[in-house]
Amino acid sequence: MQNKNYRSVNHSVRKKDAMQLLLGKPVYTQDVVPDGALVVKLLRSPHANAIIESIDTAVAKKVPGVVDIYTWQDVPATRFAIAGQTYPEPSPYDRLILDRHVRFAGDAVAIIAAENEKAAEKAMKLIKVSYRVLEAVLDLHTALDNPVLVHPEEDWFPPCEVGGDPKRNLVASEVSSSGDVDAVMADCDIVLEHTYHTKAFHQAMMETFCTHTSLDRYGRLHVISSTQIVFHTRRILSRALGIPKSRIRVEKPRIGGGFGAKQTAVCEVYPAFVTMKTGRPAMIVYTREEAQIAGSPRHEMEITVKLGADRDGRIRALDLYTLSNTGAYGEHGPTTVGLSGHKSIPLYTGSLEAHRFAYDVVYTNTQAAGAYRGYGATQGIFAVESMVNELAEKLQMDPTRLRDLNMVREGMIMPAYYDEPANACALDRCMERCREIFGWEEKYPVRDMGNGKVRAAGVAMAMQGSCISNVDVGSADISLTEDGTYTLRIGAADMGTGCDTILAQMLAECMDCSVDHVAVFGADTDASPYDSGSYASSTTYITGKAVEKACTDLKKNICAIGAELLGCTVDETAFEGTCVRCLTSGKTVSLSDIAYKTQVGSHCAAQASATHSSPISPPPFMVGMAEIELDKLTGQVTLLDYMAVVDCGTPINPALARIQAEGGIVQAIGHTLMENITPGTGGKPMEASLMQYKIPTRLDMGHLRVEFEQSYEPTGPFGAKSIGEIVINTPAPAIAHAIYRATGKWYRELPILPERIAMDLAEE
Amino acid sequence: MMEIRLKLNGKTITDHIDADLLLIDFVRRHGCLSVKRGCETANCGLCTVLMDGKPVLSCSLLAARADGHEIYTLEGLQQEAEAFVGFIADEGADQCGFCNPGYVMNTIALLRENPNPTDDEIRAYLAGNLCRCSGYEGQLRGIRRFLNSRAEGGSHAE
Ligand code: FES
Ligand code: FES
């Protein structure tokens, strides 16, 4: 492991935008756009599956202030996908801007453009729609080969072959394996099989979906949006609207949280269509209710795990089948499911002799799912880690020792992870340290508190990736300014996570300057170098490496210009942070003079761009331990202590990495203990507000502790791997484990609500 | 349409408004863009402003009800906020920042009411301010460090 004394990286530098944000400056989409945009509202279907027989907007259009109303008859007939993914996308082209066939309760029926909100809302009530209501597929179990088809249309189109067939309500399907699972399973002393279920949980970022569109001074479509994916959004809009990409500019200001929700172009197309039709600025802001019923939540998954082990606790075979519900449209459907196996099974590389992983992704007439931090790994890890805990309890083995026997370790090749190597893996050290600081030996035994309350503890491990290998692309463009400072242009989108700052730290480390001397600009399709976007935990690992490469090139340029000014050869020069020195004469020239030189009769710019992609996606690792107190009368679970130890390689900014971990853990506490999804009429979730969809408050989370066990990833910038997603994966299995310890009952479906526990305990 | 007259961040303003205009939309219209909306059900606390010194949810109050009263948003309390927000920045707990103005306003109200709150008092007072990014611990650490540094007579984090 490398352990250098860094000046900028591996330090807790303040976020570049911190004071702006904390002092409430106007930096978000709704703050930065001019007043006077048309208000865009959507009329949504009350039915889960219906054909629009007729739609009459004549009366509605007469409402004063209403500018126009658009229906399926007004939009282009080209199908597209709104998933933010690299072209050609694995997600099927199954959407129209407005479709005559509405496929979930909440699907868009009409776009209303008005001078003000009141007029738009009044008009919405006056649109007359007559629907031919069809039978709907609402349950993921009945979707495959159901005679009712969610996408019967002939122009459904998959840009990639992922095993889908719309005539079977199937979006994607695959089987992969290594070794002879059935034979190994047959030879095992103990075989366990259970099914785990997780629901379509919401990112619930505090800023809902919002987009402003207008025509710029060249008459091009200018989109300002709260998005993680400026370049993908440009491509998506180009296809959906039928206009060239060169006629579109997409930029993002600060983003009020994304967590993957904004890796899908959920709302951009509607105001963009209005602007193209009217020539006027247009703005859409989703209500919280819209974000809850027509957003882009997690894929509901049902995962069946079969595990084979020896009596002494050696896990020899894992067999997973995941059934994933993509909802009415397929964005991220074919890809999220893969992580449920590929990011859970490899945790047991240490002992596994064989594995199999199969999945089906199905359409249903429910809200379309999308990308949410963890992206399928969260669901898979809940299943596999719960199963391993069940094995430990069956064998009456300490579950942490059981994991010591089986876990992946540094240097191993992971057959369930595309045969990638675990170059940097401190999972064993994470376990050891977590056990010690958490006080596992004292907390694991169940303690009856004598007042109807029981205390117990649980554990889980996790992994994620650091990019999509061979796909994600990150770029950095750096220029030297006249005063010897730098401007860094990126296409990655800081959504509050701090990537602008950590990339600046890397630049400062490479160029031997202060982080304050780096200005960061992003992301704007007109000005940023291409980046696939901020998702898949890729920014630190991929874009960070691009920054490192660009710095190397920039230094060469700077030295070349310096050599000219110093009257020596490039080979004689050395870059010294604030100046370039001629090693022969000892003379120096300042970076400022070098920058000014590039502005006078120059043929060489003090600027460099670099692009990076990676053939591997090194996993970060983590161990989480939870201590709970359970009230046997009410079923109330109070989280007392959550201890996590994370191996993200080198933490580039430990304070920000810690906050990422704490934030992810609290989100996960939400989907484990309180956030619920209950299908109401037409399958529409009843939890349509933050009153019903209960996310954790600061009273619901107990005490969090996060520590880092560093490893050094040789392919990452300064040894870094990712941090953003992995942190959401351990709480569900760890807390479910603790609840088993307290109650003797395994909860294999999330969330685990107090009423379920209380009812089960009452039945006993 | 009705006329209201109120003090916003120390300045008296008179305006003609619709009777059903919410205070959040009124103050945003008057340039106080720090005030954010995160829900329709009075659950998130993002829209917190001070009315006559007391924290209120501006999404749940008609602008008409502010007639004759004094409203403060974060725009008008920059100095008071600067005294402590640097400590939160040092924890990296600003994150996406969308919830920051609301809980900074509520923290100002807390510290005016109770200059030396315990951790539990801080948690209880800010319980209505949701944050989806930070996991809350960093926000608490920041406020705690500020209180400790003030108790030691330290100057505020720059
Ligand atoms: S906007 Fe959510 S409480 Fe006011
Ligand atoms: S910082 Fe994003 S919601 Fe609190």
Exercise for the section: Rounding to the nearest 20 debye, state how big the charge dipole of segment B:78-151 is about its Cα centre with +1 on each Lys and Arg Cβ and -1 on each Asp and Glu Cβ. Expected result: 40
Practice task
With θ set to phi - 60°, apply the Karplus curve 6.51 cos²θ - 1.76 cosθ + 1.60 along segment A:34-45 and write out the HN-Hα couplings as whole Hz, x wherever there is a Gly or Pro.
Solution key: x, 5, x, 6, 5, 7, 9, 10, 10, 7, 10, 6
Problem - Net charge dipole size for segment A:435-492 [Lys, Arg +1 and Asp, Glu -1 on Cβ; Debye, nearest 20] - result: 560
Exercise for the section: Express the carbon and sulfur contribution to the solvent-accessible surface of chain A as a percent, rounded to the nearest whole number, probe 1.4 angstrom. Expected result: 50
Completion exercise
HN-Hα couplings for segment A:264-277 via Karplus (6.51, -1.76, 1.60; θ = phi - 60°), in whole Hz with x for Gly/Pro, come out as 10, 7, 5, 10, 4, 5, 6, x, 4, 5, 4, 5, 5, 6
Exercise for the section: Choose one of A:Val637, A:Gly450, A:Pro685: the residue whose Cα lies farthest towards the positive end of the charge dipole of the protein assembly as shown (beta-carbon charges +1 Lys, Arg; -1 Asp, Glu; about the Cα centre). Expected result: A:Pro685
Handout entry: Across A:Lys62/A:Lys277; A:Lys453/A:Lys694; A:Lys721/B:Lys36; A:Lys41/B:Lys7, pairs whose alpha-carbon gap is larger than 26 Å
Key = A:Lys721/B:Lys36; A:Lys41/B:Lys7
Completion exercise
Per the helix-only model, the protein assembly as shown has a calculated mean residue ellipticity at 222 nm (DSSP H runs of ≥4, -39500 (n - 2.57) each, divided over all residues, rounded to the nearest 500) of -8000 deg cm²/dmol
Handout entry: Rounded if a/c under 1.5, otherwise prolate or oblate - segment A:94-171, Cα gyration tensor axes
Key = prolate
Practice task
Check cross-link reach from A:Lys61 to the aspartates and glutamates: straight Cα distance under 16 Å, and skip same-chain residues fewer than eight apart.
Solution key: A:Asp74, A:Glu115, A:Glu117, A:Glu121
Handout entry: Charge context of A:Gln599, other residues only, Cβ under 15 angstrom, K/R +1, D/E -1
Key = -3
Exercise for the section: With a/c under 1.5 counting as rounded, go ahead and sort chain A into rounded, prolate or oblate using the C-alpha gyration tensor (a ≥ b ≥ c being the square roots of the eigenvalues; past the cut-off, prolate if a/b is larger than b/c, else oblate). Expected result: oblate
Handout entry: Within segment A:307-370, trypsin sites (Lys or Arg not before Pro) in DSSP loop having at most 13 other beta-carbon neighbours inside 10 Å
Key = A:Arg311
Handout entry: Shielding score for A:252-258, defined as the mean number of other chain Cβ atoms within 10 Å
Key = 4
Problem - C-alpha center-to-center spacing [segment A:366-438, segment A:1-67] in angstrom - result: 36
Practice task
Treating cross-link reach as a plain straight distance, find the aspartates and glutamates whose alpha-carbon is under 16 Å from the alpha-carbon of B:Lys11, omitting any fewer than eight places away in the same chain.
Solution key: B:Asp52, B:Asp67, B:Glu70, B:Glu75
Problem - Tensor-based shape of segment B:78-151 (alpha-carbon gyration tensor, a/c under 1.5 rounded, otherwise prolate or oblate) - result: rounded
Practice task
Please give every one of the aspartates and glutamates within straight-line cross-link reach of A:Lys555, meaning a C-alpha to C-alpha distance under 20 Å, and leave out same-chain neighbours fewer than 8 residues apart.
Solution key: A:Asp477, A:Glu482, A:Asp483, A:Glu509, A:Asp512, A:Asp516, A:Glu564, A:Asp571, A:Glu572, A:Glu576, A:Asp593
Handout entry: Cβ neighbours within 10 Å from other chains - mean over A:654-663
Key = 6
Exercise for the section: Please report how many Lys pairs in segment A:149-276 have alpha carbons closer than 29 angstrom, counting only residues at least 8 apart along the chain or sitting on separate chains. Expected result: 4
Handout entry: Convex hull projection area averaged over all views, segment A:460-501, Cα basis, nm²
Key = 5.0
Exercise for the section: Please report how far the C-alpha centroid of segment A:285-310 lies from that of segment A:528-599, rounded to the nearest whole angstrom. Expected result: 46
Exercise for the section: Grab the beta carbon distance between B:Ala42 and A:Asp553, set R0 = 41 Å, and tell me the FRET efficiency rounded to 0.05. Expected result: 0.15
Problem - About the Cα centre, charge dipole magnitude for the protein assembly as shown (Lys/Arg +1, Asp/Glu -1 at Cβ), debye - result: 1760
Handout entry: Positive minus negative residues near B:Asp52 (Lys, Arg vs Asp, Glu; Cβ under 11 Å)
Key = +1
Exercise for the section: Of the DSSP beta bridges with both residues in segment A:480-614, give the percent that are antiparallel, rounding to the nearest 5. Expected result: 65
Practice task
For segment A:132-235, run through the GluC sites (Glu not before Pro) and keep only the ones in DSSP coil with at most 16 other Cβ atoms within 10 Å of their Cβ.
Solution key: A:Glu135, A:Glu153, A:Glu154, A:Glu161
Completion exercise
Expected vector for segment B:11-25, Karplus 3J(HN,Hα) from phi with 6.51, -1.76, 1.60 and θ = phi - 60°, integer Hz, x for Gly and Pro, equals 10, 7, 10, 10, 8, 9, 9, 6, 4, 9, 5, 7, 4, 4, 6
Problem - Cα-Cα separations in segment B:2-74 greater than 21 Å, expressed as whole percent - result: 14
Practice task
Would you mind checking the tilt of helix B:100-113 against the longest principal axis of the Cα atoms of chain B, expressed as 0 to 90 degrees and rounded to 10?
Solution key: 80
Exercise for the section: Would you please give the FRET efficiency between A:Ser130 and A:Ala560, computed as 1/(1 + (r/R0)^6) with r the Cβ-Cβ distance and R0 = 51 Å, to the nearest 0.05? Expected result: 0.10
Exercise for the section: In whole angstrom, note down how far apart the Cα centers of segment A:111-171 and segment A:708-747 are. Expected result: 36
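The values are calculated or read from the model by the stated rules, or taken from the named source; none is laboratory data. Model, not experiment: these values are computed from the prediction. Positions of Cβ are backbone-derived with ideal geometry, glycine not excepted, and every protein chain shown enters the neighbour counts. For the accessible areas, the whole protein counts, side chains as well, though only heavy atoms, and no ligand, DNA or RNA atoms are used. Shrake-Rupley method; radii C 1.70, N 1.55, O 1.52, S 1.80 Å.
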